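What follows is one structure encoded as structure tokens, with my remarks underneath.
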Amino acid sequence: MSGANITRNEVVQFVLRISLVSIVTYYSAKWLMKNLDPTNKSKKKAIEKAEDILRRLGPNIKKSALTNLNDYELVIASHLVVPENITVSWDSIAGLDHVCQEIKESLVFPVCHRDMFSASSLYQAPKGVLLYGPPGCGKTLIAKATAKEAGMRFINLDVAMLTDKWYGESQKLASAVFSLAVKIQPCIIFIDEIDSFLRARNSSDHEATAMMKTQFMMLWDGLNTESDSTVIVMGATNRPQDLDKAILRRMPAQFHIGLPSEDQRLKILQLILRQEKLAKDVEFGQLARMTNGYSGSDLREMCRNASVYRIRKVMREKNKEMAAAAAAAVAAAAAESSKTNGMTNGSCSTTAAVPSSSGSPMLDEAPAITMDDLIESLRNMKHSKYNSGHLNDSRIDLD
């Protein structure tokens, strides 16, 4: 009996040793894998940021949805934008009244008034919206204004966030995009330059990239997609011809945001300069005629440069005045010293104070932007465009 008892004790001790070694090995390997992962710190920061954003969204989201988020969904939630934090509204967009009105009627109204047509299975917002056109024409502004107007959560999806060096992690992150959007719906998933992510598939695609695209499309509009969920994928691109046909099918609402016409440029200039101090000689109509082929972003950059030119011009004049005053003071001091040299040795010599010209001149008030400032800014912009080969191009092409 004693030999049997000793053998049993040895077996128990052996099992305990194996269990202890296994536990230590598991947690050591897990710790080592986390520290070897170069994205571990960024993931931790993303999770902390996501928790802070979700706390602010707490009153408007079900508590059960917030408590059941996994690590992948928290990483995606770090790119979540609260509607109240979006500063862009419909009033921030000029010259695109027809596009904004159509988006309001086909997208914003069905989201805000879902209960009015609850019996209808057709009256609902589209699953996908595509904004295409030349760069700098307001596609991103429209996406932000739509999210704010509809009161929807806004996921500004960064494609680089979906890539991971571990096999299968990219698919899990792509799945987390839609699972998170469903939990916090109504939600807009915005993908800027969507052609770089969901371009046409071919045999030369990498296996991981092809699987991620397929996973994304399956979750977007596939067999297991909930038909009553209010999740809208909105994409912006200037190369719609590069998108996959399956993606275009999932984006039935397509809006072309082209270069502004003369009337549209007039409205854009008035919107950009409405809070600036302008001289009386500024003519918006003339500027609109002179900026043919310019986008809204180009017009804003032109006005920004003009605002810098007005300050630069006044500062140069101030510097000239200060330099002239300093020269006059030096001349006066030299004349005074020549007088003192002719006096007796017992007399005291006096030296005039020379004002210092160092430092930046102070402006009493900001000068007004003149027409000359705007024309000079436009001339410099045309010169830079000419040197870069973008002047007088048609720019009707989407690239």
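So the values come out like this:
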| quantity | calculated |
| --- | --- |
| Selection count, the stretch 153-177, where residues are open to solvent by less than 40 Å² (accessible area, probe 1.4 Å) and in a loop (DSSP other than H, G, I, E, B) | 3 |
| So Gly133, is it closer than 18 Å to Ala253 by Cα, surrounded by fewer than 23 Cβ atoms within 10 Å (Cβ to Cβ) and either among the aromatic types (Phe, Trp, Tyr) or touching a Gly at 6+ places or on another chain (Cβ under 9 Å) (or both) | yes |
| Test for Glu276: is it modelled with pLDDT under 90, outside the structural domain of Ile188 (by the TED database) and either surrounded by fewer than 20 Cβ atoms within 10 Å (Cβ to Cβ) or not in a loop (DSSP other than H, G, I, E, B) (or both) | yes |
| Failed item in (1) modelled with pLDDT under 85; (2) open to solvent by 40 Å² or more (accessible area, probe 1.4 Å); (3) assigned to a helix (DSSP H, G or I), with Gln124 passing the rest | (3) |
| Cβ pairs under 6 Å, 6+ apart, first in the stretch 280-299 and touching a residue at least 12 places away in the same chain (Cβ under 8 Å), second among the charged types (D, E, K, R) | Ala288/Glu262; Ala288/Arg265; Thr291/Arg265; Gly293/Arg395 |
| Flag if Asn319 is over 23 Å from Asp263 (Cα atoms) and either in contact (Cβ under 8 Å) with a residue 24 or more places away in the chain or under 30 Å from the mean Cα position of the chain (by Cα) (or both) | yes |
| Residue check, Ala150 on the phi < 0 side of the Ramachandran plot, in contact with a Cys (Cβ under 8 Å, 6 or more places away or on another chain), open to solvent by 10 Å² or more (accessible area, probe 1.4 Å) and not β-branched (Val, Ile, Thr) | yes |
| The stretch 70-87 residues that are farther than 26 Å from Lys172 by Cα, paired with ones that are of a type in the set (Gly, Ala, Ser) and open to solvent by less than 70 Å² (accessible area, probe 1.4 Å) (beta carbon under 7 Å, 6 or more apart) | Pro83/Ala147; Pro83/Gly151; Ile86/Ala147 |
| In the stretch 57-77, the residues that are open to solvent by 10 Å² or more (accessible area, probe 1.4 Å) and modelled with pLDDT of 70 or more | Asn68, Leu69, Asn70, Asp71, Tyr72, Leu74, Val75 |
| Wholly enclosed strands (runs of 3 or more DSSP E) of the stretch 183-268 bearing at least 3 residues surrounded by 15 or more Cβ atoms within 10 Å (Cβ to Cβ) | 187-192, 231-237 |
| Sole exception among (1) open to solvent by 20 Å² or more (accessible area, probe 1.4 Å); (2) in contact with a Lys or Arg (Cβ under 7 Å, 6 or more places away or on another chain); (3) of a type in the set (Ser, Thr, Tyr) for Thr291, by number | (1) |
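Quick grid of which residues meet (1) touching a residue at least 60 places away in the same chain (Cβ under 8 Å); (2) under 19 Å from Phe190 (Cβ atoms); (3) aromatic (Phe, Trp, Tyr):
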{"site": "Gln101", "(1), (2), (3)": "no, no, no"}
{"site": "Ser106", "(1), (2), (3)": "yes, yes, no"}
{"site": "Cys112", "(1), (2), (3)": "no, yes, no"}
{"site": "Ala119", "(1), (2), (3)": "no, no, no"}
{"site": "Leu122", "(1), (2), (3)": "no, no, no"}
{"site": "Pro126", "(1), (2), (3)": "yes, yes, no"}
{"site": "Tyr132", "(1), (2), (3)": "yes, yes, yes"}
{"site": "Pro135", "(1), (2), (3)": "yes, yes, no"}
{"site": "Gly138", "(1), (2), (3)": "yes, yes, no"}
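The values are calculated or read from the model by the stated rules, or taken from the named source; none is laboratory data. What you see is a predicted model, and the numbers here were worked out from it, not measured in a lab. Cβ atoms come from the backbone with ideal geometry, glycine included; neighbour counts cover every protein chain shown. Note: accessible area is taken over every heavy atom of the protein model, side chains too, but ligands, DNA and RNA are not part of it. Shrake-Rupley method; radii C 1.70, N 1.55, O 1.52, S 1.80 Å.
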